[in-house]
Structure formats: structure tokens, C-alpha cells
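Asker: Take this structure first; my questions come after.
The values are calculated or read from the model by the stated rules, or taken from the named source; none is laboratory data. Treat the numbers as computed from the prediction; the structure is a model and nothing was measured. Counting neighbours? That spans all protein chains shown, and the Cβs are built from the backbone with ideal geometry, glycine included.
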Amino acid sequence: HKYVYDFAEGNKDLKDLLGGKGANLAEMTNLGLPVPPGFTITTEACKAYLATGEEPAGLADQIEAHLESLEREMGRRLGDPDDPLLVSVRSGAKFSMPGMMETVLNVGLNDRSVIGLSAQAGGNDRFAWDSYRRLIQMFGKTVCDVPGEEFEQALDEAKRAKGTTSDLDLDADDLRALVDAYKKIFAKHTGREFPQDPREQLDLAIRAVFESWNAERAVVYRRQERIPADLGTAVNVVTMVFGNLGPDSGTGVAFTRDPASGAQGIYGDYLANAQGEDVVAGIRNTVPLQELERIDKKSYDELLGYMARLEEHYKDLCDIEFTIERGKLWMLQTRVGKRTAAAAFVIAGQLVDEGLIDLDEALHRVNGAQLAQLMFPRFRLDHDFEPVAKGVGASPGAASGKAVFSSDRAVEMAAQGESVILVRRETNPDDLNGMIAAKGILTSRGGKTSHAAVVARGMGKTCVSGADELDVDIPQRRFTVGGRTVNEGDVISIDGTTGKVYLGEVPVTPSEVVQYFEGTLDPEQTDDPLVRAVHRIMTHADQRRRLAVRTNADTADDAARARRFGAEGIGLCRTEHMFLGDRRELVERLILARTDDEREAALAALLPLQRADFVDIFRAMDGMPVTVRLIDPPLHEFLPPLEQLAVNVAVAQERGEDVAKEEALLAAVRRMHEENPMLGLRGVRLGLVIPGLFAMQVRAIAEAAVAVVREGGSACPEIMVPLVGAVQELETVRAEAEKIISEVVGDSGVEVLIGTMIEVPRAALTAGQIAEAAEFFSFGTNDLTQMGWGFSRDDVEAAFFWRYLELGIFGISPFESIDAEGIGRLVRIAAEEGRAARPGLKLGVCGEHGGDPDSVHFFHSVGLDYVSCSPFRVPVARLEAGRAAV
Ligand code: PEP
Ligand code: MG
């Protein structure tokens, strides 16, 4: 088994085996760049070590062999007393995990070789002793768990004794004394002397790097970044070069383009007479890289040449770490550099212009998460505002406004032109109008799939949920946090990306990218490089994608916006949202109806209102397909809550008022109470149980379509039946609907499709039968996830998902990103069996997953025809659908 690779043996495509750093060091070596010689111990060796607690057989010999050849190449031996070879031992996993794992520098120094090092450095005692004390410090801390503060205290004491605050003022004698102090600290904590055998130092350091893969901070970081836990790290053993040999030495970082904006140019920092960790630790101030031209023109020019070569070779922005040792430039690291979302788009566009990549490749260089970031307004954080609380960043964006504590108040104040933030413990469907009126929503309870979070995301509205430090007092219209009270009307700011809550108004900047999607910023006219790049890449994504993108919209305004954003139809119009507000009373009348006449009267009152809704939407979509879903939620959601009603009735009775109506309502609420409403009387079951309800909706849809066609427009309605689990349910509804449709449509030429949602696992498993009665399927992956996992979508995220994430049962909530192997399997089965039964069956998805980047790729791979998502996510879905297709 080959566990050790010389730099000359690897290449950039071996990241799995050599880690990112090792693979890129190999690549630079083979490009002929000046990389200090060394070798890489593979991730395989690390995995074997972590599995058994011992170095795998053969590893020690291979290290020995590579060390010997390194020594031959350098003409020095590791730790040789007269002329020591020193090495650094550096971690380097497949994915960059900055600062998470260990590095030990100056391995090979001991009481004797420190003298040799000094001689080698032209009698530079100070440098040699400084290097030695760094080794003991780093080795002690990372290899032997000696508390780092003790070393730092000793260093501070030495400086204090010298009357200085700068390391540079310590001379060789001071540092020699410091080495003694460090050794005592080492011995005190480890019960042994600092190891003098260079090979033992090397072996222990390698072991420590292996073990740092499982350091707590690394584990936490991997979980957050969704990096698999079993990859292991490689270990790079690299010949030391020194940036701290004097003013003609130094160390720095460089970027081939600006990682913040993408602008072309020279970006980076340089620190003279220093080693890498000084830059990271911020011990002294760096200078801009351009200054190096003045300090050491030869090295500067050489560096610029290498930077151009690396960009050309990697065809991307590279970041670089380098060291100059007495005027000689060494390249210590390179990689394709991290960048901001804006820079990702700008750079991808530039690289196309420069002929380095094509537009397909440009699509791979950006992603939907970056695009989403570019679409939200942002706080300008050049002001130092301290957050007072932190909740879940439930729906990104930045919003400031006056705190209000009820939906009505939000509507009222917004109508007066005020910006408001709706603050609630949690929200429910009653808060919808307030949420629409508000600039942002802040709750003290609930996670990413709480009502507030889901609805806010759907509206593209900023939301922070579950800020549990807030003590929200609705009756008193205020909240308190950290001893401060915010009353109604006080201005607060919330950041839906970070979950942070601020007092006062933090200034925001609007997003140019949204202006572009809205059509108010012409990409051909602007000189904003970001907008131009986004336009270009989006255009290409649209050309490439096979998936159509529709939107979930219940109002003509949303529909119109979604069209501007590129939606090609409505994939889900949730009609229940049309029954809120003033109309709730009509629904109440329907529920309370005792006779057929009363019920029909209530339905007759709803019919024209529904019809008008659909006319608006069909007009807005102008002939694009519009999937209207018949009413889905349990009807009692339209009634007041039981407790509140009971109290009202009791109080009114006490006062001797006439409560006949309230009592009837209360009785209805009691009658309709369900222990598990999400599994109760909802969806198609309502249609089967409440006579005339679905019929009224079907009639309103068909009449609206005919009306729009008669006025010269066009309409393509698709009627969708929710929560079907058996074909018989759908057949019953379908028979009734078809009768009404043929009656209404007559010879108008309007065509109405009838289909179903697939959101009950049984529907997915009997999709072949259901397809006989359905012209289309739309996967309701919210309910499919809820029922497939048995997770209440309104409760579980806040209740226990944190633990599931912690245990790694899943890396992300299955409500956010489709669980491909479980719930996704149901989708796949239904798609295949549905299409087998009815070739050409139209397939889409309208759950929240329709706008999630990873899920879009999955739906592409399953062969769906379209995804449907909230208007604000339409551009993200377009981009990801394009990316999935190239
Ligand atoms: C779904 O269940 O995925 C769906 C779109 O319906 P709703 O979210 O309205 O239950
Ligand atoms: Mg559903």
C-alpha cells in the first residue's frame, strides 16, 4: 500500500488521497514553481490510523524512505546538529477547513541543532532561538495538549521584563531564556522533557495531525459545512523556508483577483521578517501586497508571473501563500480561492471573456445559494450595531421598522406608510395579513419550518424565528431582552440571513440583482459588472435547462412578479389563502350551515369572489398554465380558537348578552376539533364530505377561464386535488368536476386539466392506478416528507431537529432539501409508475423543495417536467435547473 507521495508524484486531481493542499503543492511542483520539497502522507493512512489507533504497517518505512530522499535532495539531515534540515508538518483535507486542524513548524530543532541553524543563518542567534521557542510552543500545544496560554504568558513576561510590547525587541539571550521557560512548562504538563530526537518529533507531529481530524472544532465545522466525517486528512511534510530571517525575508498571501468583488488586479498582504502564523495572529500589521514591489522588486515580479501562470492553469481565481527567504521566493500553497457570491458571478463572466472557460463551465462556477444571497437587501455593517439577540435566520434579507405586536396593528400602521416589523411569539394563518403588511417578521419561537418561516420565505420576506432570548408580551405590546424593553413603535432591525436582531435602524442597501430581475435595471445599459454577469449566466441557464420553472402564487401580484422573474406558469395556487380576511366570515357561514339552503347560500356568496380571484390570476399569467389547488386545510383553521371563543362566550353570558350565535360557533369548533388535524379532515376528504365546496371552486375556475378567453385573453387552468391517497378518491372528485366543466366551458375552447398532488405515501406507491384518473401529478414534498418520515412539519424542527443534526442523522432538514434516498425514492417510484400507466403524464413538484438547489438537481435527475417555487426563488430554480443540465 502506497501511503506516501513525493510532491513530484501527485497532481491537483488527487485531492481525495492527498488532500487539497498536498494535491496543489504537487501540481505547483510539476508546473516548475519553486515549492519547498516535501512529501504527502495520504488520507488513507489517516483513516487507517483513526480506525485502529496505530500507524498502518509500512507507513513508518515509507516515511523513512521519503525523508532520506528529501535529505539527499536538500543535502542536509533532519535535525543535524551542524546543518539541520527542518520541516513543517501540515494538515490538509480534501475540503479546506481553515484553522480547524493542526500544523507544527520547525520540526527538527533541538538543543544542538539550534546552534547549527544559527550558524547556517549566518550567525543569526536570535532567529535560531526564536524558531526553537516557536517549535516548543506549537508542538507543546498541538501535539501534547499543553495549555497555550501558559506559553503566551511566558512570552508576555519576557517582553514586560524587557519593557517592550514587540516580539522583535527580544534578543537572542531573551529568547534562549524563553526556551528554558517553555521547556519547564512543557515538562510540567507532560511529565517528560521536550523530545530531542528529530524523528520522534516528526512522528508525534504526524500523529497529532491525524488526530486533529477528530478535534471537536473540526467535527463541528464539518457538520456545519456538510463535509463527510470519514474523509480523513492528509499530512504534508515540507522543507522549512524562513520568512523571519531579516528584513529581506517575509511572508504573505495573494489573490489573483479581488475575492470580494471579482475585480481584476493584485490583492494581498505582505509582512516582512515574519512567519505565516504571525500574519494569521495579527501580531503586526501587514502592508498591501503592492508594497512588495518597492521592498523586493525581483520577488514581486516573479510572484506576479506565477500568479498569472496559476490562473491560466487552474482557469480560476487562485489564492496563494508565499514566503521570501533572503530574497528567494517560495510558493507554500495555492488553491482555487473562496470568494463572495458577487465575485463568483463576476469572475465566471470575466473568465468567459478571457476565453479561459465556456458558458457551460461558467454555470458550474456559480450556484443558486449565491444567487439567493445577491437578491436580498443587506445591512450596511459599516456602522457598529451590536445585536441584542440571535434567532434562526429563517428567511434572508434585512429589514428595519417599528415593532408591532398584532397583525391588525401591522396592517393599520403599514396603511399609514410606516415600515413595521411584526413581532409575535409564533405566527398562525391569522397573521397572514400582518405578515404581508410588515417589512419583516420576528418570532421568539419556532425554527426554519415554523409557520412564520415558511410563509415568510414564500413571500420573500425577511424573518427571524425562534429568538428565544426575547420575552414577548403581546397584551402589553412589548418585548424585553437583556434588560431592555422594546415597546410598540420602537424601531428594530432584523437580519434574516444571520438571525441577528438589532435595536434601532441599521441602514440597508437594495440589491441591483433584484432590480435587474424586476426589469428596472437594463443589463445592456448598466456598467455594473455583477448585473451583466448575472444576466449572461442566467440567459445561458435558460438555454440549457430541461426543467421548466413555475411559481407558487395565490395572488395576481405574486404571479406578475414571478413572471418578471422568469416563471413559466403557476405550479400551485393555494386557494385557502383566498378565504382569509373579510371572507373568513363566509367560510364560517359555510361551516355553520345547518340546512342545504344555508350551505348553498354561503357557497353562492363565495363563488363570485373566487371567480374574480382566478380572473385576475389568469390575466396575469396570460395563457401560461395555472395549477389551482382545491381547498386543502382543515376547515376549523378558519374558525376562532376554542379557548378564546369559550372565554368570550362565558364573559358575554355573564353580562347577560345574547350569545346564541357565539354558542353555535363554539359548538361547531368543539365538533370539528381534531387531535391530529394534519392527518384529519383536509384535502380531498373535504371535497368528499362537504357537499358543493369543490364544485363551487371548480365552477369558479372554469367560469373565470371562460371569461378571460371571452375578453380576448387566454387561460390554461389545471385543477389539482390535494391529499389523494387512493384513485377512488380522485375518481369521485373528477366525475363531479368534469360535469361542471363541460357545462361551463361549452364551446369557448377552454381546456381544463384535472390532476392530483402526490403527497401521501400511499399515492406514490399506487401512482400507476392514480395516473389513470390524473392528467398530471404535482409532488407535494412538504406533506410527503411529513407523512413519509412521520415528522409534524410545524413542530419538529424547533423541537428536536437540532439533536438529529448533531447526531448526523441528517445533515440538513428534510423539509428544506429533499431526502433523496427516502422521500425521493417515493417520488421516483411515482414518476416511473405514473408515466408507465399514462405516457406523457405531466410531472411537477410544488413543495418547498422546488426552490432548493440540491433538490432541483434531484428533480431533474428523476425526469420531472417542472419545479414550482415561491416567486423569489424562481431565478434560483432557473439557475440550478440550468446547472443540472450541463
Ligand atoms: C406540500 O405538501 O408539499 C404542498 C405543496 O402543500 P402544502 O404545503 O400546502 O401542504
Ligand atoms: Mg400539502
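Asker: Return the total of residues in segment 849-869 being touching a Ser or Thr at 6+ places or on another chain (Cβ under 7 Å) and within 16 Å of ligand 1 (Cβ to nearest atom).
Answerer: 7
Asker: Any residue that is of a type in the set (Lys, Arg), out of contact with any Asp or Glu (no Cβ under 9 Å at 6 or more places or on another chain), at pLDDT 95 or above and part of a helix (DSSP H, G or I) - is there at least one of those in segment 548-563?
Answerer: Scanning segment 548-563, I find no residue that is of a type in the set (Lys, Arg), out of contact with any Asp or Glu (no Cβ under 9 Å at 6 or more places or on another chain), at pLDDT 95 or above and part of a helix (DSSP H, G or I), so the answer is no.
Asker: Here's something else I'd like to know. Mind listing whichever residues of segment 777-792 are near ligand 2 (Cβ under 9 Å from one of its atoms) and buried (at least 20 other Cβ atoms within 10 Å of the Cβ)?
Answerer: Passing the criteria: 780, 781, 783, 784, 786.
Asker: Considering every residue within segment 798-806, establish whether at least one is under 30 Å from residue 426 (Cβ atoms), without any contact (Cβ under 8 Å) to a residue 40 or more places away in the chain and touching a Phe, Trp or Tyr at 6+ places or on another chain (Cβ under 8 Å).
Answerer: Yes; the residues of segment 798-806 include at least one that is under 30 Å from residue 426 (Cβ atoms), without any contact (Cβ under 8 Å) to a residue 40 or more places away in the chain and touching a Phe, Trp or Tyr at 6+ places or on another chain (Cβ under 8 Å).
Asker: Sticking with this structure for a sec: Name the one entry in 719, 740, 690 that is within 16 Å of ligand 1 (Cβ to nearest atom), in the same structural domain as residue 591 (by TED's automatic domain parsing) and of a type in the set (A, V, I, L, M).
Answerer: Going through 719, 740, 690 in turn, just one is within 16 Å of ligand 1 (Cβ to nearest atom), in the same structural domain as residue 591 (by TED's automatic domain parsing) and of a type in the set (A, V, I, L, M): 719.
Asker: Something else now. Which one of these does residue 261 not meet: (1) over 25 Å from residue 141 (Cα atoms); (2) in the same structural domain as residue 132 (by TED's automatic domain parsing)?
Answerer: (2)
Asker: Taking the condition in contact with a Lys or Arg (Cβ under 9 Å, 6 or more places away or on another chain), more than 16 Å from ligand 2 (Cβ to nearest atom) and modelled with pLDDT under 95, does residue 773 pass?
Answerer: No; evaluated as a whole, the condition is false for this residue.
Asker: Please determine, by comparing only the residues of segment 707-720 that are surrounded by fewer than 23 Cβ atoms within 10 Å (Cβ to Cβ) and more than 25 Å from residue 843 (Cβ to Cβ), which one is farthest from ligand 2 (Cβ to nearest atom).
Answerer: 712
Asker: Every residue in segment 140-184 that is surrounded by fewer than 18 Cβ atoms within 10 Å (Cβ to Cβ), within 17 Å of residue 103 (Cβ to Cβ) and touching a residue at least 24 places away in the same chain (Cβ under 8 Å), please.
Answerer: Matches in segment 140-184: 144, 145.
Asker: Filter segment 841-869 down to the residues that are within 16 Å of residue 774 (Cβ to Cβ) and touching a strand residue (DSSP E or B) at 6+ places or on another chain (Cβ under 6 Å), then identify the one that is nearest to ligand 2 (Cβ to nearest atom).
Answerer: 846
Asker: With the checklist (1) over 30 Å from residue 703 (Cα atoms); (2) more than 16 Å from ligand 2 (Cβ to nearest atom); (3) touching a residue at least 24 places away in the same chain (Cβ under 8 Å) in hand, flag the one item residue 818 doesn't pass.
Answerer: (2)
Asker: On to the next question. Going residue by residue through segment 568-579, is there one that turns out to be at pLDDT 95 or above, small (Gly, Ala, Ser) and either surrounded by 16 or more Cβ atoms within 10 Å (Cβ to Cβ) or over 24 Å from residue 752 (Cβ atoms) (or both)?
Answerer: There is at least one residue in segment 568-579 that is at pLDDT 95 or above, small (Gly, Ala, Ser) and either surrounded by 16 or more Cβ atoms within 10 Å (Cβ to Cβ) or over 24 Å from residue 752 (Cβ atoms) (or both).
Asker: Anything in segment 777-830 that is away from ligand 1 (no atom under 12 Å from the Cβ) and of a type in the set (Val, Ile, Thr)? List them, or say none.
Answerer: Selection gives 796, 809, 812, 829.
Asker: Would you say residue 602 is among the aliphatic types (A, V, I, L, M) and in contact (Cβ under 8 Å) with a residue 60 or more places away in the chain?
Answerer: Judged against the criteria, residue 602 is not a match.
Asker: Among (1) touching a residue at least 24 places away in the same chain (Cβ under 8 Å); (2) away from ligand 2 (no atom under 16 Å from the Cβ); (3) outside any strand (DSSP E or B), there is one condition residue 738 misses while meeting the rest; what is its number?
Answerer: It is condition (1) that residue 738 fails.
Asker: Then there is this: If you check 196, 137, which single one turns out to be crowded, with 20+ Cβ neighbours inside 10 Å, in contact (Cβ under 8 Å) with a residue 40 or more places away in the chain and not hydrophobic (A, V, I, L, M, F, W, C)?
Answerer: 137
Asker: Can you tell which of 686, 730, 723 is at pLDDT 95 or above, outside any helix (DSSP H, G or I) and within 16 Å of ligand 2 (Cβ to nearest atom)?
Answerer: One residue alone meets the criteria, 723.
Asker: Also: Quick check: is even one residue across segment 655-672 within 16 Å of ligand 2 (Cβ to nearest atom) and either outside the structural domain of residue 781 (by TED's automatic domain parsing) or surrounded by 14 or more Cβ atoms within 10 Å (Cβ to Cβ) (or both)?
Answerer: Within segment 655-672 (the criterion being within 16 Å of ligand 2 (Cβ to nearest atom) and either outside the structural domain of residue 781 (by TED's automatic domain parsing) or surrounded by 14 or more Cβ atoms within 10 Å (Cβ to Cβ) (or both)), the answer is no, since none of the residues qualifies.
Asker: Can you tell me which residue is farthest from residue 410 (Cα to Cα) among those in segment 482-512 that are hydrophobic (A, V, I, L, M, F, W, C) and modelled with pLDDT of 95 or more?
Answerer: Restricting to residues being hydrophobic (A, V, I, L, M, F, W, C) and modelled with pLDDT of 95 or more, the top hit is 501.
Asker: Considering segment 747-765 alone, what residues qualify as being buried (at least 19 other Cβ atoms within 10 Å of the Cβ) and either basic (Lys, Arg) or more than 16 Å from ligand 2 (Cβ to nearest atom) (or both)?
Answerer: If the condition is that a residue be buried (at least 19 other Cβ atoms within 10 Å of the Cβ) and either basic (Lys, Arg) or more than 16 Å from ligand 2 (Cβ to nearest atom) (or both), then 750, 752, 754 are the ones that fit.
Asker: Let me ask another. Give 878, 838 a once-over and let me know the one that is surrounded by fewer than 24 Cβ atoms within 10 Å (Cβ to Cβ) and in contact with a helix residue (DSSP H, G or I) (Cβ under 7 Å, 6 or more places away or on another chain).
Answerer: Exactly one residue qualifies, and that residue is 838.
Residues checked against (1) modelled with pLDDT of 90 or more; (2) touching a helix residue (DSSP H, G or I) at 6+ places or on another chain (Cβ under 6 Å); (3) of a type in the set (A, V, I, L, M, F, W, C); (4) within 16 Å of ligand 1 (Cβ to nearest atom):
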residue: 620; (1), (2), (3), (4): yes, yes, yes, no
residue: 625; (1), (2), (3), (4): yes, no, no, no
residue: 631; (1), (2), (3), (4): yes, yes, yes, yes
residue: 638; (1), (2), (3), (4): no, yes, yes, yes
residue: 642; (1), (2), (3), (4): no, yes, yes, no
residue: 662; (1), (2), (3), (4): no, yes, no, no
residue: 665; (1), (2), (3), (4): no, no, yes, no
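So that you can scan it fast, the table gives a plain yes or no per residue for (1) surrounded by fewer than 21 Cβ atoms within 10 Å (Cβ to Cβ); (2) part of a strand (DSSP E or B):
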position	(1), (2)
201	no, no
206	no, no
219	yes, no
229	yes, no
238	no, yes
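Asker: Restricting the search to segment 424-434, which residues are surrounded by 23 or more Cβ atoms within 10 Å (Cβ to Cβ) and either among the aliphatic types (A, V, I, L, M) or in a strand (DSSP E or B) (or both)?
Answerer: Result: 424, single match.
Asker: Quick check: anything in segment 635-642 within 16 Å of ligand 2 (Cβ to nearest atom) and either farther than 29 Å from residue 572 by Cα or in contact (Cβ under 8 Å) with a residue 60 or more places away in the chain (or both)?
Answerer: yes
Asker: Looking only at segment 13-39, count how many residues are touching a His at 6+ places or on another chain (Cβ under 9 Å) and under 13 Å from residue 92 (Cα atoms).
Answerer: 1
Asker: Looking at segment 726-746, which of the residues that are of a type outside the set (S, T, N, Q) and exposed (fewer than 13 other Cβ atoms within 10 Å of the Cβ) is farthest from residue 690 (Cα to Cα)?
Answerer: Filtering first and then ranking leaves 746.
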